[in-house]
Amino acid sequence: MKNFIALIFFFLISQNAFPQHRIELKIKGLRDSTLYLVHHYEDTFLSQDTAKINASGFAVFEGKKKLPQGFYVVAMGRTRIFDVIINDQNFSMETDTTDYTNNLKITGSVEAKLFQDFISQANAKAQKLKGANDTQKRLIYNDLEKFQKDYVKAHEGTFTANILKAGEEIEVPPLPKNATLKDTINQSNYYFKHYWDNINLSDERMLRTPFVGKKIDTYLKNISFFEPDTIIQIAENIIEKTPRKSDLRKYVVGKFAQKFIAPEIMGREGVYIHVAEKYIINDPESGWDTSSIRRNKEYVIKMKPVMLGNKILNMDMTDTLDVYTPLYGVKANYTLVMIYDPECHHCQETTKKLLDEYPKLSAKGVKIYLACGTRDKKKWLNFVKEFKTKPFINVYDSYTMTDFANNFNTTVYPNLLFLDKDKKILANKKLDVEQYLKIIAVEENKKVVKK
């Protein structure tokens with residue numbers, strides 16, 4: 001038993017004593033310089049290691065932690081020297097200053113050598129572009145494209161092949177002559193369906209390449225106008241392709257959450273709620289830290305009650321005469337709730353605009369429920385008097401029964417919620433009066449269609 005414990009202890013010491021990565025580099029013609037080993041992350045680079053190159057042109061990247069696998073750049077200051085695949089943790093490289101990239105030789109890493117062989121051959125083919133005419137250039141580009149596709153096919157399953165394929169554009173079938181709207185829609189649907197075909201999302205190393213970040217940003221921008229249920233299906237389809245417990249999954253989940261936690265288009269926050277609940281809050285193997293889980297849980301708790309289509313919770317409030325005036329007691333075709341702080345400048349300006357344009361809303365059966373969200377009754381009464389808000393229903397939380405933050409997602413003032421006759425939420429963000437009138441027009445049209 002003692003020997004067993006000693007063996008474990010020796011193993012733990014060994015793990016810390018020996019470097020977890022060691023990459024030797026010899027550059028003929030370069031000396032007394034500092035080199036950086038950086039990897040791609042979205043549209044920037046993250047430094048993982050530095051090495052001093054000595055008078056003999058020799059340098060070693062070495063450390064007690066394994067390097068994250070991915071697409072790296074060896075740089076000197078802001079100068080990019082050459083690209084390299086980091087898959088193995090121990091290998092060597094040799095090149096010279098006359099041509100860092102094409103003279104690069106790699107020993108001890110199959111993946112790094114495979115990528116370098118492609119670069120060398122592709123560069124040799126590209127050299128033919130010098131002095132070529134337009135016809136010759138087209139032929140050379142076609143040859144390069146074919147070479148890349150053949151290389152990917154020949155080395156399928158490697159990280160190099162995944163990187164090269166990620167750089168290929170999706171081939172979308174062209175529209176037929178005299179294309180109809182249906183043809184255009186079908187072409188668009190094909191593009192969205194096959195958008196990720198060339199990105200291997202099961203390979204976590206793809207996170208540290210130039211491709212995933214740009215691709216997902218463009219994709220999220222283009223799908224944001226889809227219906228929430230459709231976006232949720234798309235999100236699940238993409239997320240489930242990534243490895244569990246991986247940084248790539250966390251990255252993709254985080255991108256969807258970030259995009260839809262405060263969406264440009266109202267109602268899409270349901271996407272955030274679904275993604276956060278399924279892949280952050282309720283997934284014990286998500287890998288998110290406790291503070292991130294807690295923070296997202298707080299957001300979801302606040303956002304759920306005010307999702308579009310939900311019946312808003314009641315507000316137990318009193319008016320300026322201390323008469324009980326609950327939100328559910330308001331009889332109106334539509335109700336605009338404004339939760340505000342009497343000292344908030346934006347609240348004051350919003351109130352002025354609502355007073356100016358209230359006749360338009362009133363003509364459509366809208367009543368405005370002006371709810372003070374703070375605890376200073378004197379300031380509230382002064383606000384009502386100063387801004388002459390008598391046309392509105394002015395209320396105050398005299399009994400401290402209304403949780404504005406958690407039940408109505410009041411994180412900033414003013415917070416506006418637009419309700420129908422049954423107190424279902426039609427809008428959960430501040431809009432212009434004209435936008436409220438458009439919502440009313442849509443709702444009224446629905447009633448006509450039902451008849």
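Since every read-out is calculated from the coordinates, none of them should be taken as a lab result. Predicted model, so just to flag it, every value in this text is computed and none were measured. FYI the Cβ positions are ideal-geometry reconstructions off the backbone, even for glycines, and counts take in every protein chain you see.
Here are the numbers for the structure shown:
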{"item": "Exceeding the 30 Å Cα-Cα cut-off - candidates Lys105/Lys130; Lys153/Lys278; Lys255/Lys423", "result": "Lys153/Lys278; Lys255/Lys423"}
{"item": "Radius 11 Å from Cβ of Lys245, net charge of other residues (Lys, Arg +1; Asp, Glu -1)", "result": "-1"}
{"item": "Kyte-Doolittle at least 0.5, axis length at least 18 Å by Cα - qualifying DSSP helices, the chain", "result": "2-17"}
{"item": "Residue-averaged [θ]222 nm for the chain, counting only DSSP H segments that reach four residues, each worth -39500 (n - 2.57)", "result": "-13000 deg cm²/dmol"}
{"item": "Of Gly267, Phe256, Ser188, farthest towards positive along the dipole that unit charges on Lys, Arg, Asp, Glu beta carbons give the stretch 181-306", "result": "Phe256"}
{"item": "Centre separation in Å (Cα based) which lies between the stretch 204-218 and the stretch 239-304", "result": "18"}
{"item": "Percent of beta bridges antiparallel (DSSP, the chain, rounded to nearest 5)", "result": "70"}
{"item": "Point-charge dipole on Cβ atoms (K/R +1, D/E -1) for the chain, about Cα centre, debye to 20", "result": "600"}
{"item": "Range in the chain, longest, excluding exposed chymotrypsin sites (Phe, Trp or Tyr not before Pro) [loop by DSSP; at most 14 other beta-carbon atoms within 10 Å]", "result": "1-224"}
{"item": "Cβ-defined net charge surrounding Tyr36, 12 Å radius [Lys, Arg +1; Asp, Glu -1]", "result": "+2"}
{"item": "Local net charge near Pro210, Cβ-Cβ under 9 Å (Lys/Arg +1, Asp/Glu -1)", "result": "-1"}
{"item": "Over 26 Å between alpha carbons, listed pairs Lys311/Lys430; Lys28/Lys146; Lys113/Lys250; Lys297/Lys367", "result": "Lys28/Lys146; Lys113/Lys250; Lys297/Lys367"}
{"item": "Cys residues of the chain counted as unpaired, since no other Cys beta-carbon is under 4.7 Å", "result": "Cys372"}
{"item": "Ellipsoid equivalent to the chain - semi-axes via the Cα gyration tensor, in Å", "result": "58, 30, 20"}
{"item": "In the stretch 103-143, trypsin sites (Lys or Arg not before Pro) in a DSSP loop with at most 10 other beta-carbon atoms within 10 Å", "result": "Lys130"}
